[in-house]
Amino acid sequence: MAAVTRLFRSSSYVPLIRRSLSAAPASASSESAQVRSQSNSPPRVDPKDRNIQWVFLGCPGVGKGTYASRLSTLLGVPHIATGDLVREELSSSTPLSKQLKQIVNQGKLVSDEIIINLLSKRLEAGETNGESGFILDGFPRTVRQAEILDDVTHIDLAVNLKLPENVLLEKCLGRRICDQCGKNFNVASINVKGENGNPDIKMVPLLPPPHCASKLITRSDDTEAIVKERFRVYNDKSQPVEEFYRARGKLIEFDLPGGIPESWPKLLEALNLDDYEDRRSAAA
Ligand code: ADP
């Protein structure tokens, strides 16, 4: 980790990020299996014996934050979401926050330079606190960011979460955050018929406890127009990142079968962590 922060900080990446982005071909066609790249599953090695350096990919609203955060608790590595870093910056009143507000509220991506600076600061703070390993959520989001990350460290695994776009839209519009404790909820009740032989997708709302219910806010970029623009930007700039990791044999593609109760055990299975969770629960 020290090497990552040092290299991110080093001047060498600045000229690199100024080079133009190179887009790779888009992803392969969908299949009905939940895990489409099972052979890439991490080995069944006790996570405490490994330094976990994973990235989570996936369209806005797919649940990167939810599953990355659960895995971070299970594995004892930090969950670092660049979207959270951007929102923290937005809540300050720096000149940068004004610039970011405009970009985020148009559904566009922040520049590689700004996002890498925010991420470097977060990694440095973690290093000071003795953190090791990470689960990155929302980074890399461009091929250039993936190349820079690849230059400075080894990524073990890229987990690509998938849901159909109509489900993603409902999820984004139903998303609510408690203004006080920061927890995420979702008021959408999703029941979408599966197409092309795929199963139906049902998700019950994730409702807040009474003490959060009166403090719910909606993200300013979760309006229909901005969400649709974020999907467009994802398909254009972030989908090629899937191919970047697929070409390196590091991509696991996971079709979420439904909400957290159905998806979490299957994701653990796909990551070869199902017995790890059982052993931890038994030891608790
Ligand atoms: P989403 O729900 O779209 O996945 P995030 O919470 O990850 O949202 O990010 C919110 C916003 O922060 C993005 O729309 C983008 O403007 C900015 N952002 C987050 N991560 C990155 C990144 N790696 N590169 C560029 N911009 C980013």
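Results, tabulated for the structure shown:
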quantity: Local electrostatic count, Glu229, Cβ distance below 15 Å [Lys/Arg +1, Asp/Glu -1]; calculated: +2
quantity: 10 Å beta-carbon shell around Ile80, net charge (K/R +1, D/E -1); calculated: -2
quantity: Sequence-distant residues sharing a close amide H with Ala81 (under 5 Å, placed H); calculated: Asp137
quantity: Distance violations [Cα-Cα > 31 Å] among Lys108/Lys250; Lys98/Lys193; Lys98/Lys202; Lys193/Lys215; Lys98/Lys215; Lys101/Lys171; calculated: Lys98/Lys193; Lys98/Lys202; Lys193/Lys215
quantity: Asp150 paired with Glu262, simple spin-label distance in nm, labels 7 Å along Cα-to-beta-carbon; calculated: 3.5 nm
quantity: Residue-by-residue Karplus 3J(HN,Hα) for region 133-150, coefficients 6.51, -1.76, 1.60, Hz, glycine and proline x; calculated: x, 6, 10, 8, 10, x, 9, x, 10, 9, 4, 4, 5, 5, 5, 5, 4, 5
quantity: Contact order normalised by residue count of region 83-230, Cα under 8 Å, 6+ apart, percent; calculated: 22 percent
quantity: Under-5 Å amide H pairs with Phe134, H placed in peptide plane, nonlocal only; calculated: Ile52, Gln53, Trp54
quantity: Vicinal HN-Hα couplings computed from phi for region 106-118 (Karplus, 6.51 cos²θ - 1.76 cosθ + 1.60; Hz; Gly/Pro x); calculated: 9, x, 8, 8, 6, 5, 4, 4, 5, 5, 5, 5, 4
quantity: Computed accessible area, Trp264, all protein chains, 1.4 angstrom probe, square angstrom; calculated: 30 Å²
quantity: Karplus (6.51, -1.76, 1.60) ³J(HN,Hα), θ = phi - 60°, over region 120-126, in Hz, Gly and Pro reported as x; calculated: 4, 4, 5, 5, 5, 4, x
quantity: Cα lying deepest toward the dipole's positive end in region 163-240, options Ile177, Pro164, Val192, charges on Cβ; calculated: Ile177
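The values are calculated or read from the model by the stated rules, or taken from the named source; none is laboratory data. Computed from a predicted model, the values in this text were never measured in an experiment. Neighbour counts run over all protein chains shown; Cβ positions are idealised from the backbone, glycine included. Keep in mind that these areas ignore ligands, DNA and RNA; they rest on the heavy atoms of the full protein, side chains included. Shrake-Rupley method; radii C 1.70, N 1.55, O 1.52, S 1.80 Å.
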